[in-house]
Amino acid sequence: CGDPDCTDHRHHHHVGQKCGDPDCAVCHDEHEDLINDSLVISHTRSFSPGRAETTDSLREKGIKTFLRLGDLVSFEGVVAGHIKGVIRTEGGGLAFSLTRAGVVDVTELGGWKGLGEIRAYTMTVNVMTLLHADITEEDIFALMA
């Protein structure tokens, strides 16, 4: 903060920084507010759709879900954190990762390529960001139904 009389150093800095460092543009409790406003959630849900899913349809639903979540927690296209998740089936799965808005990395797990019709699956989603958003479990899984 640069104030020589400042004695309020309860806030968090990166390692080695002290209030008044030229690289620090934040003073007092603003770092604490950033930590308090963070979002950490994890939800798992099992699905047994009325009609079978394909690997392509589940991949697309997963990507749309992650893009939507990224939009909810990004600021100017930046996700200050990450959104990770996995779809598990009996024979394989997909892992999803979003660390920047608009880009979802997808990794096939196990025998995903050889799966035919998918009658049941489980999806787990973890969101850890410094930007708080009111995201409910229903918000997370709405596009998967």
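How much length is gained if the chain between Phe75 and Glu60 is pulled fully straight, taking 0.36 nm per residue apart and subtracting their Cα-Cα distance, in nm to one decimal?
Residue separation times 0.36 nm, minus the Cα-Cα distance, leaves 3.0 nm.
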Kirkwood Rh for segment 34-145 from C-alpha pairs, in Å, is 14.3
Here, Arg119 and Thr99, labelled 7 Å along Cα→Cβ, have an inter-label distance in nm of 3.9
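At 0.36 nm per residue, and after removing the present C-alpha to C-alpha distance, how many nm does the segment from Asp139 to Leu67 gain when stretched out fully? List each step's numbers first, then the result.
Details: separation 72, 0.36 × 72 = 25.92 nm, distance 1.23 nm.
Fully extending the segment from Asp139 to Leu67 adds 24.7 nm.
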In nanometres, the difference between 0.36 nm per residue of separation and the alpha-carbon distance of Ser48 and Leu109 is 20.0 nm
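Taken together, the values in this text are just the output of simple stated rules run on the coordinates, not laboratory data. Note that the structure is predicted; figures quoted are calculated from it, not measured. Cβ sites come from the backbone with ideal geometry, for glycine too, and all protein chains shown count toward neighbours.
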